[in-house]
1. Just to verify a number: FRET efficiency for B:Gln30 and B:Glu2, C-beta to C-beta distance, R0 = 35 Å, to 0.05?
2. Using θ = phi - 60° and the Karplus form 6.51 cos²θ - 1.76 cosθ + 1.60, what ³J(HN,Hα) does each residue of the stretch B:27-36 get, whole Hz, x for Gly and Pro?
3. Could you pull out the trypsin sites (Lys or Arg not before Pro) across the stretch B:1-64 that fall in loop regions by DSSP (anything but H, G, I, E, B) with no more than 10 other Cβ atoms inside 10 Å?
4. Can you give me the long-range amide H partners of A:Asn3? Hydrogens built in the peptide plane at 1.01 Å from N, cutoff under 5 Å, separation of 5 or more residues or another chain.
5. Pop out a list of residues from the stretch A:7-29 that are at least 20 Å² less accessible with all the protein chains around than in their chain alone; 1.4 Å probe, no ligands or nucleic acids counted.
6. Please work out the ratio of the alpha-carbon Rg of the protein assembly as shown to 2.2 N^0.38 Å and round it to two decimals.
7. Could you put A:Arg12, A:Arg4, B:Arg93 in order of accessible surface area, largest first, with the 1.4 Å probe and the full protein assembly present?
8. With a 1.4 Å probe and all protein chains left in place, how much of the accessible area of chain A comes from carbon and sulfur atoms, in whole percent?
Amino acid sequence: MKNRIQELRKVRKVTQQELADALSVTRQTIISLENGKYNASLTLAHKAAQFFGVSIEELFIFEGEENL
Amino acid sequence: MEEFKKKIQRRFYLCTMYCGAASGTYFLLQHLIKNAPDFSRGMIAGVMVGMDVIAVFLMIKYLMLLRNEKKLKEEYIKSTDERNIAISKETMRTASVVSLMLTAIAVIVSGFFSKVIATTLFAEMTASALITVIVNIFYKKKM
């Protein structure tokens, strides 16, 4: 699943550590999310969407039947 | 966060109690198994001392966390981070499958040399498999 975390983070001039602190996760998790190595849970997706002030659909791009 | 602090405090007290109980048990065992072979006594001493060292190490770690709010918060994030949790779940799953497969291979190989070792390994493998099935059933009912 692709996401726009890196794009929105750079637009808002937020560092990975600041975002990690805001979402109560480690910086490594943010890096993995941005690289597409890890898919966020619904809770984390919700928190991230709230942080950026967008909807989950706008932040995460679902590309069909992944991991099904 | 307060809940996590209480959890760390509980863990600290548990480690302290464990250290006391383990030391007491060890000294009691020293009297009870006076006539046991040296190897057995050595094994018991080794395991007890090893576990005590781990408990002391954890006690120091928890004490440091309880005295430093910044480190406590870092530890909280580290332990509740969903990627870390996912990694440890995946690690446990893969490790248990690999361990079972290797034990199965060991059962076959040791069967050529020693009946006792092969039977012991087979019993261990069966117990591990049974525990896995029971835990799986537990979580299927829980979730």
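The values are calculated or read from the model by the stated rules, or taken from the named source; none is laboratory data. Bear in mind the structure is a predicted one, so any value in this text is a computation, not a measurement. As a convention, Cβ positions derive from the backbone with ideal geometry for all residues, glycine included, and neighbour counts pool all protein chains shown. SASA here: full protein model, heavy atoms, side chains in, ligands and nucleic acids out. Shrake-Rupley method; radii C 1.70, N 1.55, O 1.52, S 1.80 Å.
1. 0.25
2. 5, 5, 5, 4, 7, 6, 10, 4, 8, 5
3. B:Lys34
4. A:Ile61
5. Listed in order, they are A:Asp21, A:Ser24, A:Val25, A:Thr26, A:Gln28, A:Thr29.
6. On the way: Rg = 24.3 Å, N = 211, 2.2 N^0.38 = 16.8 Å.
In units of the 2.2 N^0.38 Å rule of thumb, it is 1.44.
7. Heavy-atom accessible area, descending, gives B:Arg93, A:Arg12, A:Arg4.
8. C and S atoms contribute 50 percent here.
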